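One structure below.
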Amino acid sequence: MRITVLAGGIGGARFLRGLKAAIGEADEITVIGNTGDDIHLFGLKVCPDLDTVMYTLGSGINEDQGWGRAEETWSVKNELAAYGVGPAWFGLGDKDFATHIVRTQMLGAGYPLSAVTEALCDRWQPGVRLLPMSDDRIETHVVIEDPELDGKRRAVHFQEYWVKLHAAVPAQAILPVGAETAKPAPGVLEAIAEADVILFPPSNPVVSIGTILAVPGIREAIVAADAPVVGLSPIIGGAPVRGMADKVLEAVGVETTAAAVARHYGPGLVDGWLVHTSDAGSIAEVEAAGITCRAVPLLMTDVETTAAMARQALELAEQVRG
Ligand code: FO1
């Protein structure tokens, strides 16, 4: 079976670890990773979501944080700070720096991001084919009313909004800058067209999956695909399982409920939707919107529990297969 998964960072990576444990040897996973969170710092290109997937599946992730490398040290960051060079709010560790140096060097030599990602994965052996959504530069920016500028509107990079401001300032708009002229990376449209199943993990529906869908051609390819599309709710009991998805959902006018996120994707895009057992009351609302819905445990507490979620998603895909 060929499974194609659209993934953001921590939620997507943890789901993929469970999915890998749930499938058989003959099954293949292709991951289309969000690159809207990418940021250029210290002359280096940092791809947080691609790296989170690569490190998590390659057993190199800092498990407590969910991002960055295990057993990390911080000499370079501290030395930069001693020169007064920031940003101090973004944590790049020494081991992680090496990844960004290799990536930037290869990009500078003319390799596209997809080829660079493949080269980095040669080391990490994530056990999936990891594709960036696009080789073109796309950066999510968030329009805020800046309290430091008397409420004047200003667009900040997604990482500044997320990490520095902790999404505590209301987001007025989310802009995937560059997406409108970007092209899907090589292999992306084929992975969608040739998939037997397409999954949306419990990743952020706006700044992770929403950004991937903003690349012209990707949404259309999913809508046109023969494969059933099943999503897992990142919202449980009216709150994000982790992260601050509620803040960005508000910016796009979507309520923070499992059913509202399903309706946001819509029946043209997803065929099946899994909500957490405690949200079983929302099944009728999701099904009324034309999406087949089941309630199952959706907390990714460990790999086995996550594998069970993945099995439920694959089972639902079989049920909705046209
Ligand atoms: N998240 C944080 O909360 N603080 C950080 O300092 C931070 C640094 C960082 C560096 C590399 C990387 O790959 C990820 C990093 N993240 C950090 C996670 C990242 O900001 C977000 O969680 C994702 O972009 C959202 O998917």
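The values are calculated or read from the model by the stated rules, or taken from the named source; none is laboratory data. Note that the structure is predicted; figures quoted are calculated from it, not measured. Cβ atoms come from the backbone with ideal geometry, glycine included; neighbour counts cover every protein chain shown. SASA here: full protein model, heavy atoms, side chains in, ligands and nucleic acids out. Shrake-Rupley method; radii C 1.70, N 1.55, O 1.52, S 1.80 Å.
Please work out how many pairs of lysine residues in the chain are eight or more positions apart (or on different chains) and have Cα atoms closer than 25 angstrom.
Close lysine pairs under the 25 Å cut-off: 10.
Using alpha carbons only, how many angstrom separate the centre of the range 278-322 from the centre of the range 9-46?
Taking the Cα centre of each part, the range 278-322 and the range 9-46 sit 21 Å apart.
Can you compute the equivalent ellipsoid semi-axes for the range 43-118, i.e. the square root of 5 times each eigenvalue of the Cα gyration tensor, sorted largest first and rounded to whole Å?
Rounded to whole Å, the semi-axes are 21, 18, 9.
Got a sec to turn the phi values of the range 169-174 into Karplus ³J(HN,Hα) couplings, 6.51 cos²θ - 1.76 cosθ + 1.60 with θ = phi - 60°, whole Hz, x for Gly and Pro?
Coupling constants for the range 169-174: 9, x, 8, 8, 7, 10 Hz.
Please report the carbon-and-sulfur percent of the accessible area for the chain; probe 1.4 Å, protein heavy atoms only, DNA, RNA and ligands left out.
Result for the chain: 52 percent of the exposed heavy-atom area is carbon or sulfur.
Working from the pairwise distances between different alpha carbons, so that the mean of 1/r is found and then inverted, what is the range 248-287's Kirkwood radius in Å?
10.6 Å is the Kirkwood radius here.
Viscosity 0.890 mPa s, temperature 25 °C: give me the Stokes-Einstein translational D for the range 4-138 in µm²/s, with Rh taken as the Kirkwood radius over C-alpha pairs.
The diffusion coefficient I find is 160 µm²/s.
Could you tell me the largest-minus-smallest coordinate of the C-alpha atoms of the range 59-182 on each of the three principal axes, in descending order and whole angstroms?
That works out to 48, 39, 29 Å along the principal axes.
If one takes the longest principal axis of the Cα atoms in the chain, at what angle in degrees, from 0 to 90 and to the nearest 10, does the Cα axis of helix 113-124 lie?
90 degrees
Please compute the Cα-Cα pair-distance distribution of the chain with 20 Å bins starting at 0, giving whole percents from short to long.
Spelled out per bin, shortest first, that is 33, 59, 7, 0.
Of the peptides 258-269, 27-38, 73-84, how do they stack up when ordered by the mean number of other Cβ atoms within 10 Å, highest first? The partial results should precede the final answer.
Working: 258-269: 20.5, 27-38: 24.8, 73-84: 12.3.
Descending packing order for the listed peptides: 27-38, 258-269, 73-84.
Write down the Å³ per residue value for the convex hull defined by the alpha carbon atoms of the range 189-322.
Roughly 99 Å³ of hull volume per residue.
What is the projected area of the convex hull of the Cα atoms of the range 184-227, averaged over all directions, in nm²?
With every direction weighted equally, the projected area is 3.0 nm².
What is the Rg over Rh value, at two decimals, for the range 95-248, using alpha-carbon atoms and the Kirkwood definition of Rh?
0.99
Based on the alpha carbon coordinates of the range 149-201, what radius of gyration and maximum Cα-Cα distance (Dmax) apply, in Å?
Values for the range 149-201 (Cα only, Rg and Dmax): 17.0, 52 Å.
Separation of the range 233-264 and the range 181-210 by C-alpha centroid, Å?
20 Å
Based on alpha-carbon atoms only, what is the radius of gyration of the range 1-71 relative to the globular estimate 2.2 N^0.38 Å?
1.16
Using every alpha carbon pair in the range 165-246, what percent of pairs falls into each 10 Å bin from 0 up to the bin containing the largest distance?
16, 41, 31, 11, 0
Once both axes come from the Cα atoms, what is the angle between helix 94-108 and the longest principal axis of the chain, in degrees from 0 to 90, rounded to 10?
90 degrees
Compute the long axis of helix 303-320 from its Cα atoms, compare it with the longest principal axis of the Cα atoms of the chain, and write down the angle in degrees, 0 to 90, nearest 10.
The answer is roughly 50 degrees.
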